[in-house]
Structure formats: structure tokens, C-alpha cells
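Taking it in order: structure first as C-alpha cells, then the write-up.
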Amino acid sequence: MSMSAGELSAILPLLIPALGACLLPLAALDKDQETVKWVRGAMFFMALFCLAGGFFYVTRLWATGAQPSYGALHMDRIGQYAGIFVMVAAALAVLQLWDHLHQEGWVKGETLSLLLFSVVGMILFASAGNLILLFLGLELLSVPLYALTATVRLRARAFEGGMKYFLTGAVAASCFLMGSVLLYGVTSSLDLAVIGRALGAPRPDPLALAGAALVLMGFLFKISAVPFHQWTPDVYEAAPHPISGFMSVATKGVAVLAFMRVLGAGVPAPGSLRIQSALAVVAMATLILGNLAALAQTNIKRMLAYSSISHAGYILLGLVAGTPAAYSGVLFYLLAYLAMNMGAFGILTALGLVGDRTTFDQVKGLGWKRPDLAIAVTLCMLSLAGIPPLAGFYGKYMIFKELILQGHVSMAVVGVLASLVSVYYYLRLPVALFLEKPSEKAEREAAERPAIKAPLAGAALLVCGVLVVAMGLFPGTVYKVFALRVVENAFHFVR
Amino acid sequence: MVSMNVVLFISFLLFSVGVAGVLIRRNALVILMCVELMLNAANLNLVAFARHSGTVGGQAFALLVMGLAAAEVAIGLALVVALYRKKDTIQVDQIDLLKG
Amino acid sequence: MENLLAFIGRNMFLVFGLMAVGGAVALVFSKNAVHSVVGFLFSMLSVAACYLCMSAEFLAVAQLLVYAGGIVVLFLFVVMLVEMTKFKEKGLFQVQTPYAVAAVILGAVAFIGVFWSTWFGPSAAVPLTLSSPELAEGLNVASQNAEAVSRGLFAGYLLPFEILSVILLVALVGAVTLAKKERN
């Protein structure tokens, strides 16, 4: 057996994190990791090193414009975009994990290993060109996440969240498999491009539509869109904070990318109008339900979970519009979402809110102690709400503009109204941080606890804040360098 | 000679029983077995479609799905055992700390 | 009697398939978890027989090894470990059972509608049939099935196969992380 250089370069973005993930459990075998700090440091360094290696390799591919493939694995612009996206999110999560796991007193190398495996699965999921790889990618990204949700075993809720995520996720994966099998049966091909063409036919086979519906269900579950969203708040609350952030950003992002790849082939044809209208209904329900439920939350993590549901709604609106400009708008939005949501979850670790102490009451007045972090998270929150000159605004703007150009004015109006509502709950965090006074009991408890040191999580949060501002100041550059190129080079079939 | 209708019908029945079991049972172990039933229903279809198309892809996929099922079971059973140690129950309706 | 036997002989798949469904129903509706596992085992063995009827011999053997040999034993092991008898199961079914059953039946009706229009409606452009063994390029011929599957796996689908091994490693690491006893 031999491989050409091109084939090797197609699988290297998967191999580099996988190598680290395979080596990390060996380092964790020893019980030194609980006592010796440099062993723990070495493990975290190794994880970051692998992520950085993968990141630089993919960015080099991106810069040269090469789009290698190995069999059905297409490391094209979509795959490379997914690689960059996921590895940045994972690196931010690893930085936060160092502080979070030390705060919880449960530092394990296996956690990092599972995180890296999940990264491999995500890149595979977004670059899969046939049903087998797509399903394997789905499993490889979710199986480590089931374990990661329950990884901090000291917390009573960890296993509960893990169990819920596992059961719902396994059922969704089974439905996804059944759907892809039906698609395979109708088209006699495992290739996504062939299947996309069959679905785009003027009168697709009903059995193919049933299969497409089941596959759609699997995707919507991973994107956490209504009505497949119930797991989201529970799982995000149970998981360690950085893992919740990573799940909300990376899982949703790659699910959208893989979905775009599947959908892309059939978009211009009239047959996919049915899928388009189904998406429109789901997007509307997601926007309305996510935003309304977020209003009522007292726990920051649950609020962020419902906020991530509502952002799934905005992203789906972009897919409903379905034009190249809308697709690149979605891709820009994902980058913005990466920065702002990792920042939003990052504040929990940076302020040292361990375990279940993640309610708004717990952060009252903390903004004055660390003004830099509080300002960074305020920027992230404003960006999530879509306030102008920040990154989130431009993402929403591009999507809404395309919706209106395509004649879906009412949907755009609902979207704008939803983001107006969201300003209320996003501003609750800055208000609690800066304007509200902590209760005496909370102050006494805070005085008893040792001072919080979270330098790496703080740095990650500041990076997110800077990214949000930078993308808001130079949206055109980011749009041209990343979002537009994916659509130009990878979606030949879009109108 | 096996007719395709029969295969699809049986596989669909298995899948429905699996879905129903997941929705109505409280015992996490039984739910896990029902998920396996759903995977097997998909596998039956895969083998039939592989014969229909005369390609080997479907059978290879079916074999991979079996391996995946084993991986899923390993994680699921580990979660069940861990949950049992922590909470003394494996009934999904009795784990209700997360709400809101 | 003769006719019945002849019918069964002609429809082995149907018989084994219905046995699989029967095992599945027993799984869902039995009170005792051990009985559920036995129902599951029965169902899996019947599915293996179904594979044989579709002349996928290699898969049938793999099904026996993986499910009957591995997964069912694991399930039994865990059932013994958690000692179902120690805690009383407070009712077998969830509170929302009627709604769930209604939803499943609704889905079933919708699917049968799809089924109906595919095979009996005008849209069935290319009817799905199981091609006869001779046409299938040696895939289904008994003596070559294992060879065909292995050629497919190790030539056409090598990357998925390797990825599966990674997923099994993930399951190993994950299971150890979750269920390992804490050192004190």
C-alpha cells in the first residue's frame, strides 16, 4: 500500500490531533498527574502543541489553496474551514480547562485526550464525502463528548447530564443512520454528491424524502434546533464550563458545515424546496422558543444554552435564504459566534465559579474586581445581542439582508425582533457584574474562599474579546479571506 | 428468494419497537438495548440494499456499524454503572437535578 | 401442514424477521431486566439468521460474535452488577407513555404511507428488488462473501475501518474515565 503526498496531506489534519489524543492517556496512566504539577503541565502543553500543529498545517493548506482528498475524505475549503474553526475553539477550551479542572480539583489527562478525539471527529464530519465517513465522524465527535460531559465526576449532576446526552444522542445517531441507509437504498450510492442530486430531482422518491427527513433530524439534533433542543440546557449545565463552550461552538459549527455540504448539492433544484420550507419552520420555532426561554433563566449557563439554541435559529435562517452570499454570511457568523460564545462561557472559569455556583447572584459586583475580564465579556455579550460595530452584528446583518433579497421579509422581521428581545437577557450579565451589589452572605463566603487565580482562562477570555472587536472593525477582510473563499471554491454547485 | 418489501417491513417494525421502547421505558439499560435494536434495523436495511445495488459498500458499512454499536454500548454501560454507584438508581425519570 | 412447511421454507426471512420483532417486543415489555436481555439475545440471533437468508454469511457470523458473544454478555454483566432487585423499579413505563405510543403509531402510519406510494404508486420509477445472486458480482455467493467483504473493507473502505478502530479506542478511554474507581 502506498499513499501519494496529496493523499497524506488530506488526512494529516486528522492525524496530528489523533496522535496527541493517543499519546495523552499514556501520560495519564501514572498517578503522578495528581501530585506533580509539571506532568499536568506537560499534558496540557502536548494538547496545545498538537492543536497548534494541526492549526498551522491547515492554515498553510488554506494559504496555498490546495484542496487534497483521500478517497471520500475531501479536505477542501469546507474541511479546512472546519479544521481552523474547531482547533481554535479547542485551544481556547484547553486553556480554560487548565484553570477549570484545577478549580474543581479533578485534573485528568484523559479529558484532554477525549477533547482531541472529538476534534478529530469534528473535522472528519465536516470533510466527509460519503455516508460512511459522515456517520463515523458523527460518532467520533459525539462519543468523546458523552464522556466529557460527565468527566468531572465529583459533581452530582455530571452523570445525570452525561446520561441524558448519551441517550438522546444515541437515539439521534440511530435515526441519522436509518435515514442515510434509506438514502443509500434509493440511490444505490454512498456518495453525498450523488445523493444530493437525487434529492434535488424534481420529484424525489418518497422513500428518499423519508430518509432525508431522518438525516435532517440528526443534523438538527447536533445543531440543537427546536424541537430537538431539550437536551441542550441540561447537558451544558452539567458539563465542565469550557466543555460546554466547546460543545456549543464546535459541535454546532461542524454540524452546520456538514449540513451545508449535504444540502449544497441539492439547493438550486426545485425538489429541495420541501427541505427549505421545513428548515424555515424549524428556524422560526428555534428563534422564538430559544429567546423566550432564555429570558426566564437565573443560571448563566442555562441562559447561554438557550442563547446558543436561538443562535442556531439565525444560522438556519441563513441556510433558508440559500444563496452564496447567505452561505458566506453563515460562515462569517460562525467565526463571530466562535469568539463571542467561547468568551461568554470563559467568564465562568475566569471568575472561578466552580460547580453549580453559576447563577447571576454569584457574579454580582465581581466586575469591579477584574474590570478587564468583565469588559471583555461585556463585549462578547453585546456582540451576541447583535449590537453594531461588533462581530455578531455583521453576521446577522449579512443573513437578514439575503433573507430580504430573497423575499422572506417576514422571517427577517422575526429575526430582528428576536435579537431585540435577546438584548435584555444578554445585558443581565454586565448589569450583574457592574451595577448590582453582592449580598452580605455572598461577600462573606467569597472572603473565606482562596483568591481566584485563572490566568490562562483570563487570557483566553481577553483573546475572545479582542477577536470580537477585531472582526467587528474589519468584517470585510475576515469575510473575504475566510467566508467567501469557502463558498467560491467548495460550492461549485450553488447558483 | 427474499423480497425487498419484506425486508423493509421487518426492519421498520424493529425500528418502531426500538423507538417505542426508548420513549416508554424508564430503565436506562433497557433504553440502551432499544437503541441497539434501532441500529440493527438499519443494518438489516443496509444488507438488503447492498444486495439490491450489488456493491459491497453496504455490507462494509453494516460491519462498521456493528463495531460502532459496541463502542456505544461500552460508553453507555460505563455511564450506567457510574450513575448507579453515585445515585443508586438507573431509572431515567429519577435523575432530575437539572431543571429549568 | 405440508403447505405450512412449504410456506415457511419459502419465507425463511419473514419467519426469522418476525422472531426478531418478537424478541424486541419481549425486551420492551418484560418486567425483569434479565428477561429483557434474553429477549434482546433472541432478537439478535434472529437478525443473524436474517443475514443468512440474504446470503450475507460473513455478517451473520460477525453478528453472532459481536452481539451474542460480546454485547449481550456485557449487558448481563451490568444487570448483575446493578442488582435490579435491590431497588424497586417504580413502575415500568414513563408517565407520558400514551403520548409516546401515539407518536410512534403516527410515525408508523406516515412511513407506511411512504412505503405504499413507493411500491404501489406511480412514483416507483425503478422498483427496488433484491437482485439475484448471479448478478451481484460474487458479492452474495456463499463461497465468496467473506472475500468480497474483506476486499471491500481493506481496499475501498480502509479509512473508515481505521477510523472505527479509533472510535473503539475512544470508547475504551471514555469508559475508563467514567467508571474507574477513585484512588484515595
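General observations
- Test: residue in segment A:312-321 that is under 18 Å from A:V235 (Cα atoms) and assigned to a helix (DSSP H, G or I): yes
- Residues of segment A:117-139 satisfying the condition of being more than 10 Å from chain C (Cβ to nearest Cβ) and among the aromatic types (F, W, Y): A:F125
- Test: residue in segment A:223-238 that is crowded, with 24+ Cβ neighbours inside 10 Å, of a type outside the set (S, T, N, Q), within 21 Å of A:Y81 (Cα to Cα) and in contact (Cβ under 8 Å) with a residue 60 or more places away in the chain: yes
- Residue match in segment A:442-450 (condition: in a helix (DSSP H, G or I) and in contact with a Pro (Cβ under 9 Å, 6 or more places away or on another chain)): yes
- Residue match in segment A:63-76 (condition: buried (at least 17 other Cβ atoms within 10 Å of the Cβ) and in a helix (DSSP H, G or I)): no
- Any hit, segment B:44-55, residues being in contact with a Pro (Cβ under 9 Å, 6 or more places away or on another chain) and either assigned to a helix (DSSP H, G or I) or more than 7 Å from every other protein chain (Cβ to nearest Cβ) (or both): yes
- Scanning segment C:166-174 turns up at least one residue that is within 27 Å of A:T187 (Cβ to Cβ), in contact with a helix residue (DSSP H, G or I) (Cβ under 6 Å, 6 or more places away or on another chain) and either at pLDDT 80 or above or not in a helix (DSSP H, G or I) (or both).
- The set of residues in segment B:1-11 that are within 19 Å of B:A69 (Cβ to Cβ) and at the interface with chain C (Cβ under 7 Å from one of its Cβ atoms) contains only B:I10.
- Scanning segment B:23-43 for residues that are at the interface with chain C (Cβ under 7 Å from one of its Cβ atoms) and polar (S, T, N, Q) turns up B:N27, B:N40.
- All positions within segment B:56-82 that are farther than 15 Å from C:L74 by Cβ and more than 7 Å from chain C (Cβ to nearest Cβ): B:G58, B:F61, B:V65
- Evaluating C:A49 against the criteria (1) under 16 Å from B:F15 (Cα atoms); (2) under 12 Å from the mean Cα position of the chain (by Cα) leaves one unmet condition, (1).
- Among the residues of segment A:229-251, the one identified as under 16 Å from the mean Cα position of the chain (by Cα) and more than 20 Å from A:T151 (Cβ to Cβ) is A:H229.
- Pair list, Cβ under 7 Å, 6 or more apart: segment C:58-82 residue farther than 21 Å from B:A28 by Cα, other residue among the β-branched types (V, I, T) and crowded, with 20+ Cβ neighbours inside 10 Å: C:F58/C:V149; C:L59/B:V47; C:Q63/C:V47
- Which numbered condition B:R85 misses (of (1) over 21 Å from the mean Cα position of the chain (by Cα); (2) at the interface with chain C (Cβ under 7 Å from one of its Cβ atoms); (3) assigned to a helix (DSSP H, G or I)): (2)
- The condition (being modelled with pLDDT under 95 and crowded, with 24+ Cβ neighbours inside 10 Å) is satisfied by just one residue among A:L124, A:L138, A:L95, A:L183: A:L183.
- Those residues of segment A:381-396 which are surrounded by fewer than 22 Cβ atoms within 10 Å (Cβ to Cβ) and not in a helix (DSSP H, G or I), in sequence order: A:I387, A:P388, A:P389
- Residue ID - farthest from A:G129 (Cα to Cα), chosen from residues in segment A:24-41 that are of a type in the set (A, V, I, L, M, F, W, C) and surrounded by fewer than 17 Cβ atoms within 10 Å (Cβ to Cβ): A:V36
Conditions (1) in contact with a helix residue (DSSP H, G or I) (Cβ under 6 Å, 6 or more places away or on another chain); (2) of a type in the set (S, T, N, Q); (3) assigned to a helix (DSSP H, G or I), marked per residue:
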position	(1), (2), (3)
A:I309	yes, no, yes
A:A326	yes, no, yes
A:V330	yes, no, yes
A:M340	yes, no, yes
A:G343	yes, no, yes
A:G346	yes, no, yes
A:D356	no, no, no
A:D361	no, no, yes
A:I375	no, no, yes
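- Screening A:Y479 with (1) crowded, with 18+ Cβ neighbours inside 10 Å; (2) aromatic (F, W, Y); (3) over 30 Å from A:M284 (Cα atoms) gives one miss only, at (3).
- Only residues that are in contact with a Cys (Cβ under 9 Å, 6 or more places away or on another chain) and either within 12 Å of chain C (Cβ to nearest Cβ) or over 21 Å from A:F228 (Cα atoms) (or both) were counted across segment A:140-193, and they come to 0.
- Among the residues of segment A:446-469, those identified as in contact (Cβ under 8 Å) with a residue 40 or more places away in the chain and of a type in the set (G, A, S) are A:A454, A:A457, A:G458, A:A459, A:A460, A:G465.
- Looking only at residues of segment A:287-298 that are crowded, with 20+ Cβ neighbours inside 10 Å and in contact with a Pro (Cβ under 9 Å, 6 or more places away or on another chain), we find that the one that is nearest to A:G318 (Cα to Cα) is A:A293.
- Restricted to segment C:1-80, the set of helices (runs of 4 or more DSSP H) holding at least 2 residues that are within 7 Å of chain B (Cβ to nearest Cβ) and closer than 23 Å to B:G58 by Cβ comprises C:12-29, C:33-53, C:57-63.
- Residue check for C:V61: modelled with pLDDT under 95 and not acidic (D, E): yes
The values are calculated or read from the model by the stated rules, or taken from the named source; none is laboratory data. Remember, predicted model here, so these are calculated numbers, not experimental data. Don't worry about glycine lacking a Cβ; one is built from the backbone with ideal geometry, like all the others, and counts go over all protein chains shown.
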